[in-house]
1. Once Rh for the chain is found with the Kirkwood sum over Cα pairs, what is the Stokes-Einstein diffusion coefficient at 25 °C and 0.890 mPa s, in µm²/s?
2. Please determine, in degrees from 0 to 90 and to the nearest 10, the orientation of helix 18-29 with respect to the longest principal axis defined by the Cα atoms of the chain, where the helix direction is its Cα long axis.
3. Ratio of the stretch 47-129's C-alpha Rg to 2.2 N^0.38 Å, to two decimals?
4. When the Kirkwood radius is taken over all Cα pairs of the stretch 175-270, what Stokes-Einstein diffusion coefficient follows at 10 °C and 1.306 mPa s, in µm²/s?
5. Quick one: compute the contact order of the chain, relative version, from alpha carbon pairs under 8 angstrom and 6+ residues apart, as a percent.
6. Report, in degrees rounded to the nearest 10, the 0 to 90 angle that the Cα long axis of helix 197-217 makes with the longest principal axis of the chain.
7. Spin-label point model (7 Å from Cα, Cβ direction): what's the D221 to Q73 distance in nm?
8. With a/c under 1.5 counting as rounded, go ahead and sort the stretch 11-72 into rounded, prolate or oblate using the C-alpha gyration tensor (a ≥ b ≥ c being the square roots of the eigenvalues; past the cut-off, prolate if a/b is larger than b/c, else oblate).
Amino acid sequence: MNMQDVAVRGLVLLGCGKMGSAMLAGWLDGGLPATSVFVIDPYPSDWLQASGVSINGTLPADPAVVLVAVKPQMMGDALPAMQALGNGTTLFVSVAAGTPIARFETVLGAQTPIVRAMPNTPAAIGRGITAIIGNTHTNDAHVALADALLSAVGQVVHLDTEDQIDAVTGVSGSGPAYVFHMIEALAAAGEAQGLSAAMSLQLAKATVAGAGALAQAADEDPGALRVNVTSPNGTTQAALAVLMDDKTGFAPLLTRAVKAAADRSRELARD
């Protein structure tokens, strides 16, 4: 099973919000024919309607893939409509948060090949990172196809067990919000030191974006990059003395934050 198989048999996209639209744009840019894509979405965007894909029409009898991108609260209504495609040769890939593989197997059938994925919002600009794990009915070809589909919006990593999804949720799934809040806080701190709001926000956004790009591109690990910026008894060291405090610094704060997100992810999966 590969992208050529998807082009021939078809891909069903269940839900086409921001994440679904980002993936669809990546697939179409990568050469997947619009005529091979069948979207089910109650409120199709203007962009989607102009994309050339089938919208809310008749689905293929045996598509290569059904990609589930609906919000978790809509899953109860949307997934049963796909039941006829379960227990067959169609691969289901879910990017819906908080919905474990077992729930899909209950609705679709225990023999259904299912890949669960946890993407994040930078996928909207092709800079996401997605973690995936398949159930016992997926083979190497299934996982490779899921990887290829999700690589359209960024990097992909492969998990060993499904319960690692909760930790991924805490780190990269929810992580963009932590970074956005850091930008807010850094900008506010700049204002407190006398900068204008506009300039402080510009400095904060560019600093976080540039540091992230440097961390991604550099051969050194982030610790080495941090040391490179830190002169003995200089300004950065003064700031790091606060940020690296064992009790009140970044590390213990983020440890608590990521644990809170991972714990909530576990709770949602049990609901």
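1. Working: Rh = 20.6 Å.
The calculation lands on 119 µm²/s.
2. 70
3. Working: Rg = 13.6 Å, N = 83, 2.2 N^0.38 = 11.8 Å.
In units of the globular-protein estimate, the stretch 47-129 measures up at 1.15.
4. Working: Rh = 15.4 Å.
Answer, rounded: 103 µm²/s.
5. Numbers: 392 pairs, mean separation 39.5, N = 271.
Relative contact order here is 15 percent.
6. Helix 197-217 sits at roughly 70 degrees to that axis.
7. 4.2
8. Details: a/c = 1.26, a/b = 1.05, b/c = 1.20.
Taking the square roots of the gyration eigenvalues as a ≥ b ≥ c, the stretch 11-72 is rounded.
Just so you know, all these numbers are worked out from the coordinates, no wet-lab data involved. Quick caveat: nothing in here was measured; it's all calculated off a predicted structure. Every residue, glycine among them, receives a Cβ derived from its backbone with ideal geometry; neighbour counts consider all protein chains shown.
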